[in-house]
1. Taking the condition of being at positive phi, more than 10 Å from the ligand (Cβ to nearest atom) and among the charged types (D, E, K, R), how many residues in the stretch 28-71 meet it?
2. Mind counting the residues in the stretch 104-129 that are buried (at least 16 other Cβ atoms within 10 Å of the Cβ) and over 27 Å from VAL86 (Cβ atoms)?
3. Applying the selection to the stretch 154-183, what residues are exposed (fewer than 15 other Cβ atoms within 10 Å of the Cβ) and of a type in the set (Lys, Arg)?
4. Touching a Leu at 6+ places or on another chain (Cβ under 9 Å) and either assigned to a helix (DSSP H, G or I) or more than 16 Å from the ligand (Cβ to nearest atom) (or both): is that true of LYS74 in this structure?
5. Scan (1) out of contact with any Lys or Arg (no Cβ under 9 Å at 6 or more places or on another chain); (2) among the aliphatic types (A, V, I, L, M); (3) in a loop (DSSP other than H, G, I, E, B) for the single condition LEU79 breaks and write down its number.
6. Please verify whether LEU77 is open to solvent by 30 Å² or more (accessible area, probe 1.4 Å), over 24 Å from PHE106 (Cβ atoms) and not charged (D, E, K, R), treating the condition exactly as stated.
7. All but one of (1) small (Gly, Ala, Ser); (2) within 24 Å of LYS253 (Cβ to Cβ); (3) modelled with pLDDT of 95 or more hold for SER116; state the number of the condition that does not hold.
8. How many residues does the stretch 1-39 hold that are closer than 20 Å to LEU266 by Cα, open to solvent by 70 Å² or more (accessible area, probe 1.4 Å), assigned to a helix (DSSP H, G or I) and in contact (Cβ under 8 Å) with a residue 12 or more places away in the chain?
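The values are calculated or read from the model by the stated rules, or taken from the named source; none is laboratory data. Keep in mind that this is a model prediction, so the values were computed, not measured. We place every Cβ from the backbone using ideal geometry, glycine too, and count neighbours over all the protein chains shown. Each accessible area value is taken on the protein alone, full model and side chains, heavy atoms only, with ligands, DNA and RNA left out. Shrake-Rupley method; radii C 1.70, N 1.55, O 1.52, S 1.80 Å.
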Amino acid sequence: MKLSELAALAADEQKAEAFLQSRGLLPRFTHCPYCKSEHLGRVRRRFYKCYRCRREWSPRKGSLLEGLRLPLGKFLLALKLFELEVSARRAARELGLAYNTVHRLFLLFRERIYQSSSQEAQLSGEIEMDESYFGGRRRGRRGRGAVGKLPVFGILERGGKVKVEVVPDVRAETLLREAIRKVRRGSLIYTDRFRSYDGLVCYGFRHERIDHGQRFANGKVYINGIEGFWSYAKERLLKYHGLSALWFPLYLKELEFRYNHRKEDLFEKLLEVLKGGMN
Ligand SMILES: [Zn+2]
């Protein structure tokens, strides 16, 4: 959706409500949820009222917006700013909302993205696997086993999606467990020479290794795809310097989501994800 269209929608609470209903983010009430009567009306603050049992309820009842104290129009604008990677602090200023309100909202978006990622299908075909380290001190020991850094395991389907996960360690059993969960058996997996990948063949995967020195020399045997994701993610995480290990998995999944849908309309994709959390 264009910003101008969204602005028109956001300026009118009734239109914003109809839009959120049409995308399944707000329920459509045709019956009273208490007595099932169809004799409903709208009263102050756009609440529904049942003319049989006399009860009233919010149009947000039972939706993810139920506990949020902001106009529906501002909710839509906040979602747009989130799509555009505007920080919660900046978005709060732009929208005239309290920082805590927007911070909680953005956290909700990230939680829904995190939940939706676990429901996706297994990867298959040609796969790249690699581990990388995030956070910690900028200087010091580098590479595998570096102190104070979070190990992240990445799996990328060529021409498809990437799946990343914070892992407790990069031991063989940890990485193999992730591979079995996320990749269909029989897929062809490319990795570097790290020994934790030794067992892949035992679990029904085909496995090709690359030498870091001659990565581009042997035709298809490369892991450029997953390394592309690492630089994408690290560049974006720079602005969150000092991000705590507690929140890191949420931000990482957000980047996975952004990367996987980078060629799609991200606003529409976000609406879908938020709708998915409605059930
Ligand atoms: Zn009723």
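1. So the first thing to find is which residues in the stretch 28-71 are at positive phi, and the list is 36, 45-46, 54, 62.
Next cut, more than 10 Å from the ligand (Cβ to nearest atom) only: 45-46, 62.
Those left that are additionally among the charged types (D, E, K, R): 45-46.
Here the count works out to 2.
2. Going through the stretch 104-129 one residue at a time, the tally reaches 5.
3. Matches in the stretch 154-183: ARG171, ARG177, ARG181.
4. Values: touching a Leu at 6+ places or on another chain (Cβ under 9 Å): yes; either assigned to a helix (DSSP H, G or I) or more than 16 Å from the ligand (Cβ to nearest atom) (or both): yes.
In short, yes.
5. The single condition LEU79 does not satisfy is (3).
6. On the way: open to solvent by 30 Å² or more (accessible area, probe 1.4 Å): yes; over 24 Å from PHE106 (Cβ atoms): no; not charged (D, E, K, R): yes.
Here the answer is no, as LEU77 does not meet what is asked.
7. Here SER116 meets the rest and fails (3).
8. 1
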